[in-house]
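Visitor: Right, I'll just put the structure down here and ask away after.
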Amino acid sequence: MHSKTLLALTSSALALPGVVAVSSAHADTPPAVSVLSYRASSYKEDDLDASALLAGSAERYDIKVHQLRYSAPVGEKYSFSLDSSYESMSGASPWYTVESVNGDAKVAMSGATIYEKRRDITASGRRYFDSGNLGISLTISDENDYRSNSMAVDGSFTLANNSTTISGGASYSDDELSPTDALLFNRIPSATKANSSAFVSVTQILNQFSILQSGISTARASGFLSDPYKLVDRRPEERNQFTWTTSWRRYFRAQTSALHANYRYYDDDFGVSSHTLDLSLHKTFRRSITLVPSLRYYQQDAANFFTPASDFLQASDFNSADFRLSSYGALSAGLKLNARVGKYTFVLSGERYKADASLGGSGASSPGIIDFTRLSAGIDFTF
Amino acid sequence: MSDTRTDLTLFDVEFQAMGTRCTISLYADSSDNARSQCEVVIADVARLENKYSRYLSDSFLSEINAVAEVGGALTVDEETAALLDYAESCFVESDGLFDITSGLLRRAWNFQPEGQTELPDADVLAALLERVGWDRLDWESPLLIFDTPGMELDFGGIVKEYAADRAATLLREAGVDHALINLGGDICVTGPQHGGDPWRVAISDPSNPESPLRLVALSQGALASSGSYARCIEIEGVKYGHLLNPRTGHPFIGTAAATVLADQCIVAGSLATIALLKNSEASQFLEQMQLPFLLIDQNRVIFDRLDL
């Protein structure tokens, strides 16, 4: 493991025109430093519009998250990291949706404010080789009505040309639901579901200024996939998902700014498909301050069995009025600031997300779609 | 040039540039061919000298320093921007010891053979120190802003090493895979010697430059040295080397020399210089880099880690 100083000087030297890396000394190595990070985030959904509310509280979810991360090199060929987070959530969620007399759909919210807590912890390890690395991670997530254990492996391999990297990975999770007040509301008392996924991607350095990455992933969820807290909600017991992502990075002027453009296509056999376009500009000032303004556009088609109003008659086998399965679109704008002061890096970020049925794709829309604001602050300590 | 050819001879192509003697050792079938293969390098070294020499009044560096003298801003080209970025990395990684604005301090010291015999006036030094410090200028690539008038930049510890790295790339691009470039002690190779043997580079004893202290084998990468032996002065019985500490404005007591091997000559050179600026912590600093090095510290203790 080489020192941080040598890595910093070498990377600056390699930015000089005509200064090149000595290829035989190009092994994949663990990070040179240990990092301890803390983030506090707040995610707050806007209150439901009064005109769309039938009953219950208009106040929607307000989530506070605390995250702690430690990562460190172990010897010359390994690294280890531990991530933990604690989430507290309060608010109400849509219970059912009905069509009002004038034909508009209205949402009935869960009566009382829900309080939830979620904790999770992930331990990961990575082994570095001459031309790649291999990692494994284990996660346990726990809340009073949900428990999930998952495992993931991933690796990447750089070809002899030093400009092409192939990455791949797979994950599996085993989840257990035990909805609260199951007897009182005739909810399913307990259920299970499993998720498995795999991905492969290729990263190609096009020239000293740009990098192109493209990848596909598939995921399969099976088991109880319905929302136990909705009065009426019945979804197939299997969901197969496909995603294609492409991203392009372009660096400008001595690498002090970079444009990141990402596109993502998603499709599943519920009938949901979506397009996401992400643009962000990373601008570094005096090597220590980075400002990242970003914009995201999202458009989704509704699931085949989505109904704007809850299907109390259970006319079809599957039905759901969950707004996440409806047709909608969204725009979000964000700003992130990173400031490095010696061994400390301070991070501040904010995002405003606005969803709109008129931006959606095909299918019916829901009165329950949300707008939200996310704020985050944190600090990294490097040693 | 094919590796299987046996009719090739090792030629030393010599030229004068950047105030020093430069040599390119390479294999060719004739001296003329050896020379012609080096033309691209000789031209590039001359280009960099014309651009970054502080002795040439029409160099781009002189243009920068003309703005620095009165204060103000100017936009620099990509190559200069990358060099300033590199200088900034050196400043950050050395905790402010490696500073391309510190050349100004030489105005208070005379390291010539018949140099000064007294310490400079404290007020003179204090006034100079007010105009020294990378953190006094505002580097916002590609814009270089001098808020404090009277500053001066000097790429002395960077450009010759950079030229050696570029020379290796230019030769390699021309298919010359077995050459050694030596720009006044800043050395880069494009690969081992023809036949596969490493180059043998002599590191001279700094107190007796004519006698080699150690031979080091080099098949790839670079080697650079920094030392305060070449010019030193004695004031009131205390010997000072010519390397100046930008924090105090004073040279270090005693003399030292360091040679570092790295993939890039520019990195080897700045690590050797930072080590000497760290003075009593030089050996500790170089050990942390985990690169081969040879250090003769200010107490004349030799740390030989060349066989790392």
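What follows draws every value from the coordinates through simple rules; no lab data is involved. Remember, it's a predicted structure, so these values are computed and weren't measured experimentally. Positions of Cβ are generated from backbone atoms using ideal geometry, with glycine treated the same way; all protein chains shown enter the neighbour counts.
Visitor: Taking the Cα centre of chain A as the origin and placing charges on Cβ (Lys, Arg +1; Asp, Glu -1), which of A:S34, A:S178, A:G155 is farthest toward the positive end of the dipole?
Guide: A:S34
Visitor: Could you tell me how many degrees, from 0 to 90 and to the nearest 10, lie between the Cα long axis of helix A:4-14 and the main elongation axis, the longest principal axis, of the Cα atoms of chain A?
Guide: For helix A:4-14, the angle is close to 80 degrees.
Visitor: Something else now. How many lysine pairs in chain A, separated by 8 or more positions in sequence or lying on different chains, have Cα atoms less than 23 Å apart?
Guide: Pairs that pass both the separation and distance tests number 20.
Visitor: Could you grab the relative contact order for chain A? Cα pairs under 8 Å, six or more apart, rounded to a whole percent.
Guide: On the way: 1055 pairs, mean separation 48.3, N = 383.
With pairs under 8 Å counted, the relative contact order is 13 percent.
Visitor: Just tell me, in residue order, which DSSP H segments of chain B are both 15 angstrom or longer along the helix axis (alpha-carbon based) and at least 1.6 in mean Kyte-Doolittle hydropathy.
Guide: Values: long enough: B:31-52 (30 Å, -0.52); B:60-70 (16 Å, 1.07); B:78-93 (22 Å, 0.14); B:159-173 (21 Å, -0.43); B:265-277 (18 Å, 2.35).
Helix filter hits for chain B: B:265-277.
Visitor: Continuing with this model, one more query. Using a ≥ b ≥ c from the Cα gyration tensor of the protein assembly as shown (square roots of the eigenvalues), is it rounded, prolate or oblate, where a/c under 1.5 gives rounded and otherwise the larger of a/b and b/c decides, a/b for prolate? Please list the in-between numbers first.
Guide: Details: a/c = 2.70, a/b = 2.21, b/c = 1.22.
Since a/c reaches 1.5 and a/b is larger than b/c, the shape of the protein assembly as shown is classed as prolate.
Visitor: Return the average number of partner chain Cβ atoms within 10 angstrom of each residue Cβ along peptide B:76-86.
Guide: The shielding value for this peptide is 5.
Visitor: Taking chain B as a Gaussian network, Cα atoms linked when under 10 Å apart, which of B:E49, B:E161, B:E287 shows the biggest mean-square fluctuation?
Guide: Top of the fluctuation ranking is B:E287.
Visitor: Would you kindly work out the equivalent ellipsoid of region B:198-299 from its C-alpha gyration tensor and give its semi-axes, the square roots of five times the eigenvalues, largest first in whole Å?
Guide: The three semi-axes for region B:198-299 are 24, 16, 10 Å.
Visitor: About its Cα centre, what dipole magnitude does region B:198-299 give when the only charges are +1 on Lys and Arg Cβ and -1 on Asp and Glu Cβ, stated in debye to the nearest 20?
Guide: Roughly 140 debye, rounded to the nearest 20.
Visitor: Separate question: Can you give the relative contact order of chain B as a percent, counting alpha carbon pairs under 8 Å and 6+ residues apart?
Guide: Values: 612 pairs, mean separation 47.3, N = 308.
Computed over chain B, the figure is 15 percent.
Visitor: Amide H neighbours of B:E140 under 5 Å, counting only residues 5+ apart in sequence or on other chains, H built in-plane at 1.01 Å?
Guide: B:I145
Visitor: Right, here's the next one. Find the Rg to Rh ratio for chain B, where Rh is the Kirkwood radius over alpha-carbon pairs and Rg uses the same atoms.
Guide: On the Cα set of chain B, Rg over Rh gives 0.98.
Visitor: Under 20 Å from a label point 7 Å along Cα→Cβ of A:R286: give me every residue in region A:318-351 with its amide N that close.
Guide: Output list for this probe position: A:336-348.
Visitor: For the pair A:L348/B:E130, report the inter-label distance in nm, with labels modelled 7 Å from Cα in the Cβ direction.
Guide: 3.4
Visitor: Run the numbers on region B:198-299 and let me know its relative contact order in percent, using alpha-carbon pairs under 8 Å that are six or more apart.
Guide: Taking the mean separation of contacting Cα pairs over the length of region B:198-299, I get 23 percent.
Visitor: Would you look at the GNM of chain B, springs on alpha carbons closer than 10 Å, and say which of B:E210, B:E130, B:E14 moves the most?
Guide: With Cα springs under 10 Å in chain B, the top fluctuation among B:E210, B:E130, B:E14 is at B:E210.
Visitor: Now for a different question. What is the sum of charges around A:T122, taking Lys and Arg as +1, Asp and Glu as -1, for the other residues whose C-beta is under 12 Å from the C-beta of A:T122?
Guide: For residues surrounding A:T122, the net value is 0.
Visitor: Compute, for the protein assembly as shown, the length of the dipole vector about the Cα centre, with Cβ point charges of +1 (Lys, Arg) and -1 (Asp, Glu) only. Units Debye, rounded to 20.
Guide: Its charge dipole is roughly 700 debye.
Visitor: Could you check the simple spin-label distance between A:L7 and B:E287, using points 7 Å along Cα→Cβ, in nm with one decimal?
Guide: Roughly 2.2 nm, to one decimal.
Visitor: Counting partner chain Cβ atoms within 10 Å of every residue's Cβ in B:265-271, what's the average?
Guide: Details: counts 2, 7, 10, 2, 0, 4, 4.
Partner-chain Cβ atoms within 10 Å, mean over residues of B:265-271: 4.
Visitor: In peptide B:87-96, how many Cβ atoms from other protein chains are near each Cβ within 10 Å, on average?
Guide: Numbers: counts 1, 4, 9, 5, 1, 8, 8, 2, 1, 0.
The shielding value for this peptide is 4.
Visitor: Just order A:88-99, B:255-266 by mean Cβ neighbour count inside 10 Å, highest at the front, would you? Could you put the intermediate results ahead of the total?
Guide: Values: A:88-99: 19.2, B:255-266: 27.2.
Per-residue Cβ counts within 10 Å, averaged per peptide and sorted highest first, yield B:255-266, A:88-99.
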